[in-house]
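For reference, the structure is listed below as structure tokens.
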Amino acid sequence: MRKKVIAGNWKMNMLPDAAIRFIDELTPMVKNTENEVVLCVPYTDLFYSLLAAQNTNIKIGAQNMHWEESGAYTGEVSAKMLKSIGVEYVIIGHSERRQYFAETDETVNKKIKAAFANELKPIVCVGETLEQRESGDALNVITMQTQKALEGLTEEQVANTIIAYEPIWAIGTGKTATSEDANEAIKAIRNKISDLYGQNTSNRIIIQYGGSVKSTNAKELFEMSDIDGGLVGGASLKAEEFAKIVNYN
Ligand code: PGA
């Protein structure tokens, strides 16, 4: 049985005092869950969040990183730096980074390799635009993105990657993919992984759904056969709402 991983993506929100308060509030509400609870916070919240989450079941992640270990890359943060303070997860290739910050399949691939080299768990985002969905291209786009992201990884690394299927048209729009469509897309990704890395790997890899997940639709989505939890944006900014999503089952 694959574990469900419920990850919050705060994006560019929350000052450190709010982050600490959030984690203090969330801690008792999620302490009994069997699901993996992750909060992906801004860089400036990482240290405070790690301290606040000490001795809890809440894991802390970053939202991006650079693939080089160190060097003349003004404004960037490396996987090694994240690891050095105790970060466990990192989101890679979020559609907002692909769209606004020139992230490509190639840089996503380099970042995943650097994440593994530093023992960080990557949450890799793939997803189609509305145009691609309407032209019937969605499954093709997301399976290609997956293939390029994972190129050159070992089977063991692929099995330890988390993929977040996030249709771009569903992010922050209040429009959620139907649970059937989301499951179909995630099945297509899993089948591709089975073709490339074998069935054992595809059975092990965790694939989340993301895009307007909230407490009122989490259960329906996460109970689908192939959906292993979610990457949650807007609804992860309120502790009570996020706790309901974590405790959906
Ligand atoms: P949303 O964002 O839940 O606000 O749609 C999801 C994401 O971008 O990861």
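Around Gln147, with a cut-off of 10 angstrom between Cβ atoms, what is the net charge of the other residues, counting Lys and Arg +1 and Asp and Glu -1? The answer is -1.
Pairs of Lys residues in region 91-213 are counted when their Cα atoms are under 23 angstrom apart and they lie 8 or more places apart or on different chains; the count is 15. When the chain is treated as a Gaussian network with alpha carbon springs shorter than 10 Å, the biggest mean-square fluctuation among Gly61, Gly127, Gly172 belongs to Gly172.
Counting only residues at least eight positions apart within a chain, or on another chain, the aspartates and glutamates with an alpha carbon under 15 Å from that of Lys4 are Glu34, Glu36, Glu220, Glu223, Asp226, Asp228. Taking each of Lys11/Lys219; Lys83/Lys219; Lys80/Lys244 in turn, the alpha-carbon distance tops 29 angstrom for Lys83/Lys219; Lys80/Lys244. Over the chain, DSSP H runs of length four or greater, each weighted -39,500 (n - 2.57), average out per residue to a 222 nm ellipticity of -13000 deg cm²/dmol. Ordering 87-98, 192-203, 105-116 by mean Cβ neighbour count within 10 Å, with the highest value first, yields 87-98, 105-116, 192-203. With just the Cα atoms defining each centre, how far is region 119-173 from region 62-76? Give it in Å. Cα centroid to Cα centroid, the span is 22 Å. Ranked by the mean number of other Cβ atoms within 10 Å of their residues, highest first, the peptides 10-17, 130-137, 227-234 fall in the order 227-234, 10-17, 130-137.
Throughout, read-outs are computed from the coordinates displayed, never taken from laboratory work. Quantities reported herein were computed from a predicted structural model and do not represent experimental measurements. With ideal geometry, Cβ positions are generated from the backbone for all residues, glycine too; neighbour counts draw on all protein chains shown.
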